[in-house]
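Quick notes on the structure that follows.
Each reported figure results from applying straightforward, stated rules to the coordinates on display, with no laboratory input. Just so we're clear, the structure is a prediction, and the values are computed from it rather than from any experiment. Neighbour counts run over all protein chains shown; Cβ positions are idealised from the backbone, glycine included.
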Amino acid sequence: MQRRILVIDGHPDKRDGRFIHACARAYAEGAAKAGHSVKTIKVAELKFDWLKTNDEFLKGAPPRAIRSVQADIAWCDHLVILYPLWLGSMPALLKAFFEQTMRPGFAFKNERRGKLPKKLLAGKSARIVVTMGMPSLFYKWYYRAHSLKSLERNILAFVGIGPVRASVIGGIEGNVKARERWLWRLREFAAAGK
């Protein structure tokens, strides 16, 4: 089954040489080679202000760059979100990106007081790829993968995106063979549209 895939490279440093950028490229290449339609967004290259008030979130108009992102999210049926773990969570720029993007009217709709919001992005699936310096088992066991779960449950599930698969890549700093294995695995996931 051919899919429309949106790759969101969430590393805040746009300089080349970051492993997240290599992972995003590998996924996009693997998906395109398998015949999927692919678009890529590099959050570090977008120009947008951070939301500072609830009124901005609820009633403000998203910046042009964010409206373009929303069009790409509406187009896709599978999102791939990649980010490095910074201080135990996603980088602040990526969180600001989600706050701007997943607004009422686009990602969810409050229908009636006392009712849960309507999930406007239902029917889309996602893969989250997180890289970190610590071993992934330690992140999953000791920290209970809390930032990953927060993205899955508090953002993606809230707007209807699911199922969500995750790849947690840890402890590969300087390990060229492990990095190559992961790039190969991401190409395989991409070819399968997962």
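Here are the numbers:
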quantity: Per-region count, segment 146-194, residues touching a helix residue (DSSP H, G or I) at 6+ places or on another chain (Cβ under 8 Å), surrounded by fewer than 18 Cβ atoms within 10 Å (Cβ to Cβ), small (Gly, Ala, Ser) and not in a helix (DSSP H, G or I); calculated: 3
quantity: Boolean, VAL168 is among the aliphatic types (A, V, I, L, M), over 24 Å from ALA74 (Cα atoms) and in contact with a Phe, Trp or Tyr (Cβ under 7 Å, 6 or more places away or on another chain); calculated: yes
quantity: Residue in segment 5-13 that is touching a residue at least 12 places away in the same chain (Cβ under 8 Å), surrounded by fewer than 19 Cβ atoms within 10 Å (Cβ to Cβ) and of a type in the set (Gly, Ala, Ser) present; calculated: no
quantity: Sole residue being free of Cβ contacts under 8 Å to residues at least 40 places away in the same chain, in contact with a strand residue (DSSP E or B) (Cβ under 6 Å, 6 or more places away or on another chain) and among the aliphatic types (A, V, I, L, M), chosen from ILE81, ILE20, ILE66, ILE41; calculated: ILE41
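The rows are residues; the columns are (1) closer than 30 Å to ILE172 by Cα; (2) surrounded by fewer than 18 Cβ atoms within 10 Å (Cβ to Cβ); (3) not small (Gly, Ala, Ser).
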residue	(1), (2), (3)
ALA34	yes, yes, no
LYS47	no, yes, yes
PRO62	no, no, yes
VAL69	no, no, yes
CYS76	no, no, yes
PHE97	yes, no, yes
THR101	no, no, yes
LYS124	no, no, yes
ARG127	yes, no, yes
